[in-house]
Structures are given as C-alpha cells and as structure tokens.
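Remarks on the structure that follows.
Bear in mind these aren't lab numbers, they're just calculated from the coordinates by the rules spelled out. This is a predicted model, so every value here is computed, not measured.
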Amino acid sequence: MEQNGMPAVLITNLVSIATNMKVNRFISGVSIPHLLGNPSLNPDDEKKLRRDIIQKVLTLLTM
C-alpha cells in the first residue's frame, strides 16, 4: 500500500517482526487476542483506551 502512495499503519503485538520487515509505521496493540481493547476494563475506560490507540494511528498517518 505504501508503495502505491497510500499510507498505512500496522497495529501489532509482534513488534520484532514488524521491525525486521522494516514496516514504516506501526504501533503495539494491547494484547494478542485483543489488539484494540482490554475486556477487563470497564466500558468507559476501554472506550478511552481504544480512542487513544486510534489517535496514535491517525497521528502516524500524518507523518
């Protein structure tokens, strides 16, 4: 996608693989089964967590 001019961000918990594959933009997710959330949090806190992760993704897309 990046080669075709479309910026992308990878959300992963396999940071070492993303680094080895020279992924330009990536962030670490919360956990392997729950990249964008944490079911042990109350709904309001989980929503804030998800919003924070997506905000980081959007920031990376503008770089």
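Which option, [x] 22, 46, 26, 6, 0; [y] 21, 58, 20, 1; [z] 15, 45, 27, 11, 2, is the value of P(r) over Cα pairs in 10 Å bins from 0, in percent that was calculated from these coordinates? Recomputing P(r) over Cα pairs in 10 Å bins from 0, in percent here gives the entry labelled [x].
Taking only DSSP H segments of four or more residues, each worth -39500 (n - 2.57), what value at 222 nm results for the chain once the sum is divided by all its residues, to the nearest 500 deg cm²/dmol?
Numbers: 2 runs with 25 residues, N = 63.
Per the formula, -12500 deg cm²/dmol.
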